[in-house]
Amino acid sequence: MKPGSKQVFGGNLQSAIPQLTLTRPRDGESRVRTCTGITVRPVSRRRRLK
């Protein structure tokens with residue numbers, strides 16, 4: 001499998017999660033692109049042992 005571009009990843013992510021929204025809040029003088037509507041869950045210990 002070849003890695004895709006950031007644009008392809010973002011498009012695929014939005015296709016999979018329709019409620020996802022992209023925002024560009026200010027971080028000092030720059031703007032950082034972020035996704036809202038998704039979180040990263042820690043892997044449980046039980047799952048790591050499998």
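All of the numbers you see were taken from the coordinates with simple rules; none came from a lab. Worth saying up front: this structure is predicted, and the values here are computed from it rather than measured. Ideal geometry is used to build each Cβ from the backbone, glycine not excepted, and the neighbour counts take in all protein chains shown.
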Each residue of region 15-30 in order: what ³J(HN,Hα) in whole Hz does its phi give by Karplus 6.51 cos²θ - 1.76 cosθ + 1.60, θ = phi - 60°, with x for Gly and Pro? 5, 6, 10, x, 6, 5, 10, 9, 10, 10, x, 6, 10, x, 8, 9
Tell me which of Val43, Ile17, Gly28 sits at the most positive position along the dipole axis of region 6-46, charges placed on C-beta atoms (Lys, Arg +1; Asp, Glu -1). Val43
